[in-house]
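Scroll down for the structure; my scribbles are underneath it.
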Amino acid sequence: MQRQHAPFRADVVGSFLRPDAIKQARQQFAAGQIDAAALRKVEDEAIRESVAQQCACGLHVVTDGEFRRAWWHMDFFAALQGVELYEVEQGIQFNGIQTKAQSVRVVGKVGFGNHPMLEDFRYLKSVSGNAEPKMTIPSPSVLHFRGGAKAIDRTVYPDLNDYFDDLATTWRDAIRAFYDAGCRYLQLDDTVWAYLCSDEQRAKVRERGEDPDELMKIYARVLNKALEGKPEDLTIGLHVCRGNFRSSWISEGGYEPVAEVLFGTVNIDAFFLEYDNDRSGDFAPLRFIRPGKQQVVLGLITTKNGELENPELVKARLKEAAQYVDINQLCLSPQCGFASTEEGNSLSVEQQWDKVRLVTGIANEVW
């Protein structure tokens with residue numbers, strides 16, 4: 001059964017490899033050789049071309065590839081009220097590699113304000129044609145988890161309950177603002193739930209004085225408060241990511257530790273779940289997915305390398321997943337974005353589009 005609305009049987013997580021034109025323009029902008037308007041013009045054209053390519057690959061959903069961002073999350077956070085981007089001693093440690101040494105901290109009351117990414121979405125919508133434009137933003141739990149309590153000015157938030165209330169309100173305001181800008185498909189990207197599946201990451205949470213099981217309940221509560229009053233014709237997805245930087249990752253472990261809380265209590269419309277390798281575990285946690293409207297978009301096609309998966313093996317895995325959740329509640333996508341940061345993953349642009357065509361081809365055969 002094909003779906004005429006989001007999430008689609010063939011879907012994407014969001015980011016695409018940055019074209020050379022954008023990389024060059026960013027360097028020129030950083031060197032003071034071009035201004036912000038000239039950079040945006042280059043980005044506009046690259047986004048228009050990417051949207052056309054996404055449609056040519058058979059997708060009914062398009063994103064801006066996150067072409068205007070350096071990070072999948074930091075750019076969004078830094079433009080919130082009460083949050084600032086700053087330089088740190090070392091970057092985020094992935095498997096054998098580190099990111100740029102930047103992080104965010106809360107220095108004032110958190111609010112959405114007149115966020116610049118609203119205009120980014122409006123441009124995407126203007127060039128999306130008959131396809132559904134999807135906006136991707138980080139999940140509220142990521143802002144807290146990235147630095148924990150120590151990244152929050154306690155003179156601003158002496159009681160962290162007030163901070164979590166403001167997080168929920170900020171994202172509820174974001175949801176309404178994007179909806180008012182014409183967005184009917186919004187995706188929240190969230191590494192935290194995957195971290196809470198990892199024994200190693202859970203130990204690190206305890207080392208900093210926090211209880212991972214309690215955090216799970218807090219994050220579920222924040223998400224549900226943010227989703228209160230969501231318009232019926234707005235689809236909101238949650239992408240659970242184990243980390244994606246230059247084809248590397250951070251966490252590993254199946255979804256079982258979080259499945260009952262995440263799938264059973266968080267009122268999201270669609271879960272985008274990575275299932276491209278053994279780090280993701282088996283499909284048994286999908287038994288907690290609620291029957292009916294809720295969709296599961298299985299990330300069975302890796303973005304970590306350019307080798308194409310065997311379509312028959314992907315179909316077999318979809319059939320296996322259908323033992324735990326109705327096949328009509330399943331969709332297919334790449335496991336993550338192709339460039340969660342501007343550096344991008346270790347595959348070529350053509351390999352990227354081959355992956356997207358593989359997703360749409362398999363989805364057309366299965367549904």
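The values are calculated or read from the model by the stated rules, or taken from the named source; none is laboratory data. Quantities reported herein were computed from a predicted structural model and do not represent experimental measurements. Heads up, the Cβs are rebuilt from the backbone with ideal geometry, glycines too, and the neighbour counts pull from every protein chain shown. In case anyone asks, the SASA skips ligands and DNA or RNA and just uses the protein heavy atoms, side chains included. Shrake-Rupley method; radii C 1.70, N 1.55, O 1.52, S 1.80 Å.
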Open item on the list: Can you report the number of residues in the range 271-328 which are outside any loop (DSSP other than H, G, I, E, B) and open to solvent by 30 Å² or more (accessible area, probe 1.4 Å)?
Closed with: 14
Open item on the list: Tell me the residue from Glu49, Glu66 that is open to solvent by 10 Å² or more (accessible area, probe 1.4 Å), of a type in the set (Asp, Glu) and in contact (Cβ under 8 Å) with a residue 24 or more places away in the chain, please.
Closed with: Glu49
Open item on the list: Here is a check on your reading of the model: is Asp20 in contact with a strand residue (DSSP E or B) (Cβ under 6 Å, 6 or more places away or on another chain), acidic (Asp, Glu) and within 27 Å of Trp353 (Cβ to Cβ)?
Closed with: no
- [ ] For the range 23-42, state whether one or more residues are under 22 Å from the mean Cα position of the chain (by Cα) and either buried (at least 17 other Cβ atoms within 10 Å of the Cβ) or outside any helix (DSSP H, G or I) (or both).
- [x] no
Open item on the list: I'm trying to understand the selection: among the residues of the range 198-212, which are closer than 21 Å to Gly337 by Cβ and open to solvent by less than 10 Å² (accessible area, probe 1.4 Å)?
Closed with: Ser198
Task: Those residues of the range 329-353 which are of a type outside the set (Phe, Trp, Tyr), assigned to a loop (DSSP other than H, G, I, E, B) and surrounded by 17 or more Cβ atoms within 10 Å (Cβ to Cβ), in sequence order - done: Gln335, Cys336, Gly337, Ala339, Ser340, Glu342, Glu343, Gly344, Asn345, Leu347
TODO: Return the total of residues in the range 200-230 being assigned to a helix (DSSP H, G or I) and of a type in the set (Gly, Ala, Ser).
DONE: 3
TODO: Working only within the range 232-261, note down all residues that are modelled with pLDDT of 95 or more, open to solvent by less than 20 Å² (accessible area, probe 1.4 Å) and assigned to a loop (DSSP other than H, G, I, E, B).
DONE: Leu234
Open item on the list: For a quick check of your reading of the model, give me the residue pairs whose first member lies in the range 1-23 and is within 24 Å of His73 (Cβ to Cβ) and touching a residue at least 60 places away in the same chain (Cβ under 8 Å), whose second is in a helix (DSSP H, G or I) and basic (Lys, Arg), with beta-carbon atoms closer than 9 Å and at least 6 apart or on different chains.
Closed with: Arg18/Arg26
Task: Of the criteria (1) among the aliphatic types (A, V, I, L, M); (2) open to solvent by 10 Å² or more (accessible area, probe 1.4 Å); (3) at pLDDT below 95; (4) under 21 Å from the mean Cα position of the chain (by Cα), which one Val88 fails - done: (4)
Task: Conditions (1) of a type outside the set (Phe, Trp, Tyr); (2) open to solvent by 60 Å² or more (accessible area, probe 1.4 Å); (3) under 20 Å from Gln2 (Cβ atoms); number of the one not met by Val356 - done: (2)
- [ ] Tally the residues that are surrounded by fewer than 18 Cβ atoms within 10 Å (Cβ to Cβ), among the acidic types (Asp, Glu) and within 30 Å of Gly58 (Cα to Cα), restricting the search to the range 126-184.
- [x] 1
- [ ] Scan the range 178-188 residue by residue and report those that are part of a helix (DSSP H, G or I) and in contact (Cβ under 8 Å) with a residue 40 or more places away in the chain.
- [x] Phe178, Tyr179
TODO: Would you please name the residue that is farthest from Ala259 (Cα to Cα), looking only at residues in the range 189-201 that are within 21 Å of the chain's Cα centre (by Cα) and free of Cβ contacts under 8 Å to residues at least 60 places away in the same chain?
DONE: Gln201
